Amino acid sequence: MLIAPYSRFFLRHHLRFRTAYNNGVPLPLRTDDGRLDICDVLQTAIDRNNATLVLRNKDIVRLTKLDVRADQNVAVLLFRRSDPDAATPIFENERTRQLRASDKKPEEAVAVSAHLFVRLGGIPDAVHPSYDAILEEVPGLSRTFVQALLHSIVRQINYKYTDRRGEEKDTYTMVDLQGIASEKVGGALSGNSVVPAVTLVRPGNVKGLDSEGLIVAREERMKLMIRAKPEQTLGVLKKIQRWMKTNNWPKLVVEVDMPEKRTRHVQLAREADAADILFVRSVQVDVPTQLEACTDVVNEELLQKALELFASEEP
């Protein structure tokens, strides 16, 4: 999937902070009274060049910028992934169809960036401190990487709290970035979406194999290609679910191809009604100025789109 020059897709999330085993109070996102907060921790890590997550070798995800704009009630986090070992980009001439490799130098890396917009006002009545967030959808910079990096930074800060008995103990804050399910499979299939395939999943089993701990079974997967029309797909999924019950397949992953050329993988239990299962859907936003695949400054046009999306859902 290539990055479009004048549009991006936004994924709605909740950014949540909690403590291990619910011990103590998590750090607040931002304070005005000088107390330690999440923004302090993140900015310190950026300043010390410690806001990094190494995926493999020199393939690294970084938090490169934190821009808190109290007057707009938003904090913007800018992430970058760079990999010097990534395949060199290839360009095709529109007229001749000839290919040309980019002029990437040996000491350079292929890089992409993504914004995470966080509304500073917390979500009322949430069990844990939670905030509305929007993640710019960029290939190679998924929610998994963003959450892992934020958690690794914040997790390193230990602080004191007083338990119910009045004893002082240590704790730390954990970070969750959860996608907000907003679309039903049944509704998606009533539009222009299709299900090209599903994958059945079950735990691996090496029972009877005398391996003495030398072999670890991975989960088993079986992919089924769907040839049904969209209006027939839900019926096919129900047939597969009935078959799963008697053939020891506890989990079903449905691949949904969306009209905006995005693919979603929706996990179903064999007892679930596929039509009513929710999944995270992206929202497309368009901007007048061409967007770069990687940036080290906050894109103001994307920020404005995020603010409009936040405002559209205010009570």
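The values are calculated or read from the model by the stated rules, or taken from the named source; none is laboratory data. Please read all numbers here as calculations on a predicted model, not as lab measurements. Don't worry about glycine lacking a Cβ; one is built from the backbone with ideal geometry, like all the others, and counts go over all protein chains shown. Surface areas here come from the heavy atoms of the whole protein model, side chains and all, with no ligands, DNA or RNA. Shrake-Rupley method; radii C 1.70, N 1.55, O 1.52, S 1.80 Å.
Around residue 74, which amide H atoms from residues at least 5 apart in sequence, or from another chain, sit under 5 Å from its own amide H, with H modelled in the peptide plane?
Under 5 Å from the amide H of residue 74 lie the amide H atoms of 69, 120, each far enough along the sequence or on another chain.
Peptides 252-259, 159-166: what's the order by average Cβ count within 10 Å, highest mean first?
252-259, 159-166
Tell me which label goes with the value of Rg/Rh (Cα atoms, Kirkwood Rh) computed from the coordinates here: [x] 0.93; [y] 1.01; [z] 1.27.
For Rg/Rh (Cα atoms, Kirkwood Rh), the calculated option is [y].
Could you pull out the GluC sites (Glu not before Pro) across region 127-212 that fall in loop regions by DSSP (anything but H, G, I, E, B) with no more than 13 other Cβ atoms inside 10 Å?
167, 212
Residue 4 to residue 313: extension gain in nm, 0.36 nm per residue of separation minus the Cα-Cα distance?
Extra length available between residue 4 and residue 313 comes to 108.6 nm.
What is the spin-label model distance, in nm, from residue 49 to residue 68 if the labels are put 7 Å beyond Cα along the C-beta direction?
So the two model labels end up 2.5 nm from each other.
Ignoring ligands, DNA and RNA, please state the percent of accessible area on the chain from carbon and sulfur, probe 1.4 Å.
Result for the chain: 47 percent of the exposed heavy-atom area is carbon or sulfur.
On a full-extension model of 0.36 nm per residue, what is the gain between residue 155 and residue 97, subtracting their alpha-carbon distance, rounded to one decimal in nm?
15.9 nm
Report the Stokes-Einstein translational diffusion coefficient (µm² s⁻¹, integer) for region 235-315, Rh taken as the Kirkwood radius over Cα pairs, at 37 °C with viscosity 0.692 mPa s.
Translational diffusion coefficient: 201 µm²/s.
Could you work out, for region 81-168, what percent of all Cα-Cα pairs fall into each 5 Å distance bin, beginning at 0 Å and stopping at the bin that holds the largest distance?
Binned Cα distances yield the sequence 3, 9, 11, 13, 15, 13, 9, 7, 6, 5, 4, 2, 1, 1, 1, 0.
Considering the chain as a Gaussian network with a 10 Å cut-off on Cα pairs, which listed residue, 69, 264, 97, attains the greatest mean-square fluctuation?
With Cα springs under 10 Å in the chain, the top fluctuation among 69, 264, 97 is at 97.
At 7 Å along Cα-to-Cβ for each site, give me the label-to-label distance between residue 297 and residue 247 in nm.
Inter-label distance under the simple model: 5.7 nm.
Give the cross-link partners of residue 245 among the lysines, using a straight C-alpha distance below 22 Å as the criterion and excluding same-chain residues fewer than 8 apart.
Result set, ordered by chain and number: 207, 223.
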